[in-house]
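Below you'll find the structure, written out as C-alpha cells, and then a few comments.
The values are calculated or read from the model by the stated rules, or taken from the named source; none is laboratory data. Predicted model only: the values in this text are computed from it and were never measured. Don't worry about glycine lacking a Cβ; one is built from the backbone with ideal geometry, like all the others, and counts go over all protein chains shown. These accessible areas exclude ligands, DNA and RNA; they are computed on the full protein's heavy atoms, side chains included. Shrake-Rupley method; radii C 1.70, N 1.55, O 1.52, S 1.80 Å.
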Amino acid sequence: NNISEMLDEARFLKNELGETKKAIKLCDKILNIDTNNRDAMLIKAGGLKELGEAERFLSLPKEIIEKWPEHWEAYYLLSLFSFAVNEDDKALELMLKSICLEENFNNIISYGQMLYLTGDHTYLEYVDKAKKIDIKRAKNFMKNHWIWDEGSVQPTIMEKLNALNFI
C-alpha cells in the first residue's frame, strides 16, 4: 500500500535522519490523500513540536484526541510540550492519561523523567518499569538522554532560534 510506504518513509526521515521538514511535507501529502490518517497526523505533530512551531503543533493533538480519545500518543505529545513550557501539573496529568490508555516505553520513561525533574522520588518505579519493557533501550536512554541536572542542559542553537521565533 502506497500510504503505508509513505508513512514508513516519513517516520524514517523524522526519527532516523532528523529531516523533520521533509517528514512533515510527506505527512501533508498523505493527509491530502487521507485527511483522517492518524499516523500521518501524529508524525507531523511530533515534527512541528521538534521545530518549535507551537501553534501549528497544538491544533493537531487536540484534533487527534477529538477523533481518537482512546489513543495514547496525542496525550504523550501534548504532555511533552506542556512540560517544555513549564506547565508541569498539566504535563504530568496528560502523561498519566497516556499511560492509562497504553503503557509503553516512551510514556513510562518520559513520566519517570518528569517526576525526577519535579523532585518526585517515585520516578525510580517508572525507570524500573521502562527497564522491564526494554532493558537495552532503557540503558541507552539513561546514558544518552536522561537529564540529571536541568541547570546543566544548554539549549542548542536551533532551540534558541526556535524560542526567539516563538516569542
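Below, the figures for the structure above:
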| item | result |
| --- | --- |
| Protection proxy ranking of 46-59, 72-85, 26-39 - average other beta-carbon atoms within 10 Å, highest first | 72-85, 46-59, 26-39 |
| Segment 69-116, relative contact order [Cα under 8 Å, separation at least 6], % | 38 |
| The chain, relative contact order [Cα under 8 Å, separation at least 6], % | 13 |
| Stretch gain in nm, segment ASN86-ILE147, where the contour uses 0.36 nm per residue and the Cα spacing is subtracted | 20.4 nm |
| Residue-span extension gain [CYS100 to SER4] - 0.36 nm each, minus C-alpha spacing | 31.8 nm |
| 13 Å beta-carbon shell around GLU125, net charge (K/R +1, D/E -1) | 0 |
| Cα-based shape type of segment 3-81, given that a ≥ b ≥ c are square roots of the gyration tensor eigenvalues and the cut on a/c is 1.5 | oblate |
| Over segment 88-152, relative contact order from alpha-carbon pairs under 8 Å, at least 6 apart, % | 27 |
| Simple spin-label estimate for ASN36 and PHE12 in nanometres, 7 Å along Cα-Cβ | 2.9 |
| Within-11-Å neighbourhood charge of GLU102 [Cβ basis; K, R +1; D, E -1] | -2 |
| Solvent-accessible area of HIS145 with every protein chain in place, 1.4 Å probe, in Å² to the nearest 10 | 100 |
| Debye equation applied to the C-alpha atoms of the chain, log10 I(q)/I(0) at 0.20, 0.21 Å⁻¹ | -1.50, -1.55 |
| FRET E, pair ARG56, ILE133, Förster distance 30 Å, beta-carbon r, rounded to 0.05 | 0.45 |
| Sites LYS67 and GLU93 - FRET efficiency at Förster radius 25 Å, r taken between beta-carbons, to 0.05 | 0.75 |
